[in-house]
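The values are calculated or read from the model by the stated rules, or taken from the named source; none is laboratory data. Everything numeric here is computed off the predicted structure, so don't read it as measured data. Note that we place each Cβ from the backbone using ideal geometry, even for glycine, and neighbour counts take in every protein chain shown.
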Amino acid sequence: MVISTQAAAQSPAVRARSRRSREEELLVWPDLVFVEFISAVLFTLSFTLLSVLIDAPLQDRANPAHTPDPSKAPWYFLNLQELLLHMHPALAGVIVPTVALAALAAIPYFDRSLEHQGEWLATPRAWTMTAIGAVVGTVGTILLILWDGQKHVVLWARLTGHDVAEWPAKLNWLRNARSIQNNIAWPESWRHIPLGSKVLRTDLLGLPKVDLDVNLPAVLVEQVIPVSFMVGLPLLLSLVLWRLGIAKTRRDHMIVQFSGFIAVFLTLTISGTFFRGSGMELFWFWDVKPAVS
Amino acid sequence: MVTTERPESRPLGDRVYDAIFHNYVWRSVFRSGYPNTPRNQMLAVATNVFLHLHPTRIHRTHVKITHTFCLGGLSFFLFLGLTITGVLLMFYYVPSVERAYEDMQRIQTDVRFGMLMRNLHRWMAHGMVLAVLMHMMRVFYTGAYKPPREFNWVVGVVLLVLTLLLSFTGYLLPWDELSLWAITVGTNMVGSAPILGEPNRFVLIGGFDVGASALIRFYTLHVVGLPLLAAVFMTVHFWRIRRDGGLARPL
């Protein structure tokens, strides 16, 4: 307990000191060591119980000649595998995770305010920011996955009583991302733009020469559109919240972006884990069958 | 009249207690007395190499479970649990294409408590990935990355990556269909990186396909390389928590 003379002190410095006074502190032995010991015992027991009840899976011996359908990475990489379905593999498999980790590591260098640390969601508006980030991230990711899975075509067919194949040919480029490449009459010359081996001088690094032959519509679909979504939509969200006066401080923006990131990460993981079946197509999770080899 | 005081005979319990705890050998191991006074309680923490990860005193809000949910400690606890069960599994497992799968079956059927050890290792590994992710969220939402703790957050991100890599390298070792294809899918992602992807993939799996060299590389990384690296980063992580004055708390 803070003793009364200290509580009465007016200056912030004194108040800060009084909070740190010895009265507010406990001895690590026994108060912390005891909690740690009990939780170590509880977790040992619960993991042992779990291990007695559920066996770790062991499938058939590895056989390189057999490819199971679908073949999936461990669950914590299924978010990346889900991304892989929508964009260039280099982007989904390497560039996005690298940039995401770098951005994650950079958070403390952007938000350096000292207020309200050491308390859960203590800054004003923290809960609002978390909710906005989580909702926008989840809904946005689900909508994008459904669009790329052509589910809006299915919805249109259901609502109007048409067949999926009757989707107007004029709107074929709206089927999914790939149809922007395939169903628009791009000039043929755009599909092959020879840049030769002078642009990327990989030979300087002792690597094989790269003969660049750029397929512009493919680059648009596999790289430009995904990057503009992944960078543009979060920036747009922050911009809108800033202009509307909802997000005011850097910490606000950090919470929105971090919560959005977690929401996208979880949505992609859940989609990749439970909603992708044979051929990594979208299914309702009760229709997803175990992999067949 | 002079009364002489007879020395009181001490109860048997006290004498046994003295014989055990107040002798030369015991004192050579535990230098502070029994921790039943504040002084001895602080000495118990400060003079013990394992306990001195802690400060001797701690702010009362930090002992509340809901402040941290023990997530960082839980991650460390799971790392220790994985080390113990992992060492036990290493006694029975040979990382060669010929033997790996048969060894897994032997561990499950022939080795006493082998199935339990394998299950513990598997579920603790999943648990550790979850615990580390949730620990990151706890640190973010409590604003505990703010100065002077910026760099410790970066160290934490490195530890997150190491945790994922540890789990990923372990995934190949059972050498069943799940392992082979999960690692094939995962390493193909590495291979798709511009320019350096293919060379990196080649180094990682020691060839063009996931085979015998990939198995021994992943095994070595899983049981020696990555745990040592993780231990180094954990040392830095814990040390900096202490140097920065323990957990973050309101100004």
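Scan the stretch A:73-97 for residues that are more than 24 Å from A:Val221 (Cα to Cα) and of a type outside the set (A, V, I, L, M) and jot them down. Residues satisfying the conditions are A:Pro74, A:Trp75, A:Tyr76. Mind listing just one residue for me: the one in the stretch B:163-172 that is surrounded by fewer than 22 Cβ atoms within 10 Å (Cβ to Cβ) and of a type outside the set (Ser, Thr, Tyr) and, of those, farthest from the other protein chains (Cβ to nearest Cβ)? Only one residue tops the list, namely B:Leu165. Out of the residues in the stretch B:46-93 that are of a type in the set (Gly, Ala, Ser), more than 10 Å from chain A (Cβ to nearest Cβ) and within 22 Å of B:Met134 (Cβ to Cβ), state the one that is farthest from the chain's Cα centre (by Cα). My answer is B:Gly72.
Note on the stretch B:151-204: among residues that are hydroxyl-bearing (Ser, Thr, Tyr) and over 21 Å from the mean Cα position of the chain (by Cα), the one that is farthest from A:Arg201 (Cα to Cα) is B:Ser179. A search for C-beta distances below 9 Å between a residue of the stretch A:141-169 that is among the aromatic types (Phe, Trp, Tyr) and any residue that is part of a helix (DSSP H, G or I), counting only pairs 6+ apart in sequence or on different chains, returns A:Trp147/A:Leu174; A:Trp147/A:Ala177; A:Trp156/A:Val164; A:Trp167/A:Val153; A:Trp167/A:Trp156; A:Trp167/A:Ala157; A:Trp167/A:Leu174. Just one of (1) in a helix (DSSP H, G or I); (2) crowded, with 19+ Cβ neighbours inside 10 Å fails for B:Pro95. It is (1).
Quick one: would you say A:Leu220 is more than 14 Å from every other protein chain (Cβ to nearest Cβ), in contact with a His (Cβ under 9 Å, 6 or more places away or on another chain) and either free of Cβ contacts under 8 Å to residues at least 24 places away in the same chain or at negative phi (or both)? No; evaluated as a whole, the condition is false for this residue. Applying a threshold of 6 Å to beta carbon distances and a minimum spacing of six or more residues, or different chains, the list of pairs starting in the stretch A:195-213 at a residue that is closer than 17 Å to B:Ala193 by Cα and ending at one that is in a helix (DSSP H, G or I) reads A:Lys209/A:Asp203; A:Val210/A:Thr202.
Would it be correct to say that B:Ile183 is at the interface with chain A (Cβ under 7 Å from one of its Cβ atoms), out of contact with any strand residue (DSSP E or B) (no Cβ under 8 Å at 6 or more places or on another chain) and farther than 22 Å from B:Gln108 by Cα? For B:Ile183, the condition - at the interface with chain A (Cβ under 7 Å from one of its Cβ atoms), out of contact with any strand residue (DSSP E or B) (no Cβ under 8 Å at 6 or more places or on another chain) and farther than 22 Å from B:Gln108 by Cα - is not met. In the stretch A:168-185 there is at least one residue that is over 23 Å from A:Lys151 (Cβ atoms) and out of contact with any Leu (no Cβ under 6 Å at 6 or more places or on another chain). Put simply, of B:Gly143, B:Gly156, B:Gly114, B:Gly127 the only residue that is modelled with pLDDT of 95 or more and under 22 Å from A:Glu119 (Cα atoms) is B:Gly156.
Contact map, the stretch B:85-105: residues that are over 19 Å from B:Ala212 (Cα atoms) paired with residues that are of a type in the set (Lys, Arg), Cβ distance under 6 Å, separation 6+ or inter-chain. No pairs are found.
Any residue at all in the stretch A:100-119 that's within 30 Å of A:Glu281 (Cα to Cα) and out of contact with any Gly (no Cβ under 7 Å at 6 or more places or on another chain)? Scanning the stretch A:100-119 turns up at least one residue that is within 30 Å of A:Glu281 (Cα to Cα) and out of contact with any Gly (no Cβ under 7 Å at 6 or more places or on another chain).
B:Ile216 fulfils the conditions (1) within 13 Å of chain A (Cβ to nearest Cβ); (2) within 28 Å of B:Tyr93 (Cα to Cα); (3) of a type in the set (Val, Ile, Thr); (4) touching a residue at least 24 places away in the same chain (Cβ under 8 Å) except for a single criterion, (1).
Quick one: how many residues across the stretch A:69-93 are facing chain B (nearest Cβ under 7 Å) and in contact with a Phe, Trp or Tyr (Cβ under 6 Å, 6 or more places away or on another chain)? Summing the residues that are facing chain B (nearest Cβ under 7 Å) and in contact with a Phe, Trp or Tyr (Cβ under 6 Å, 6 or more places away or on another chain) in the stretch A:69-93 gives 2. Are any of the residues in the stretch B:170-177 part of a loop (DSSP other than H, G, I, E, B) and out of contact with any strand residue (DSSP E or B) (no Cβ under 8 Å at 6 or more places or on another chain)? Checking the stretch B:170-177: at least one residue is part of a loop (DSSP other than H, G, I, E, B) and out of contact with any strand residue (DSSP E or B) (no Cβ under 8 Å at 6 or more places or on another chain). Restricted to the stretch A:256-284, and to residues there that are in contact with a Ser or Thr (Cβ under 6 Å, 6 or more places away or on another chain) and under 21 Å from A:Ala106 (Cβ atoms), the residue that is surrounded by the fewest Cβ atoms within 10 Å (Cβ to Cβ) is A:Ala263.
Filtering the stretch A:20-47 to residues that are closer than 26 Å to B:Gly170 by Cα, surrounded by 12 or more Cβ atoms within 10 Å (Cβ to Cβ) and out of contact with any helix residue (DSSP H, G or I) (no Cβ under 7 Å at 6 or more places or on another chain) leaves A:Thr44, A:Ser46.
For first residues located in the stretch B:220-241 and more than 14 Å from B:Val158 (Cβ to Cβ), partners that are among the β-branched types (Val, Ile, Thr) and lie 6+ apart or on another chain with Cβ distances below 6 Å form the pairs B:Leu221/B:Thr169; B:His222/B:Thr169.
When residues in the stretch B:17-61 are screened for being touching a Ser or Thr at 6+ places or on another chain (Cβ under 7 Å) and not charged (D, E, K, R), 8 of them pass.
Among the criteria (1) part of a loop (DSSP other than H, G, I, E, B); (2) under 17 Å from the mean Cα position of the chain (by Cα), the one B:Gly127 does not fulfil is (1). The set of residues in the stretch A:195-249 that are in a helix (DSSP H, G or I), surrounded by 13 or more Cβ atoms within 10 Å (Cβ to Cβ) and charged (D, E, K, R) contains only A:Glu222. Test B:Met134 against the stated conditions and say whether it is touching a residue at least 60 places away in the same chain (Cβ under 8 Å), surrounded by fewer than 17 Cβ atoms within 10 Å (Cβ to Cβ), within 11 Å of chain A (Cβ to nearest Cβ) and closer than 26 Å to A:Leu50 by Cβ. Here the answer is yes, as B:Met134 does meet what is asked. Out of the residues in the stretch B:235-251 that are closer than 11 Å to B:Arg149 by Cβ and not in a loop (DSSP other than H, G, I, E, B), which is farthest from the other protein chains (Cβ to nearest Cβ)? Across the stretch B:235-251, the extreme among qualifying residues is B:Arg243. Just one of (1) within 14 Å of chain B (Cβ to nearest Cβ); (2) surrounded by 14 or more Cβ atoms within 10 Å (Cβ to Cβ); (3) modelled with pLDDT of 90 or more trips up A:Trp156, so point out which. In the conditions (1) within 14 Å of chain B (Cβ to nearest Cβ); (2) surrounded by 14 or more Cβ atoms within 10 Å (Cβ to Cβ); (3) modelled with pLDDT of 90 or more, A:Trp156 misses (1) alone.
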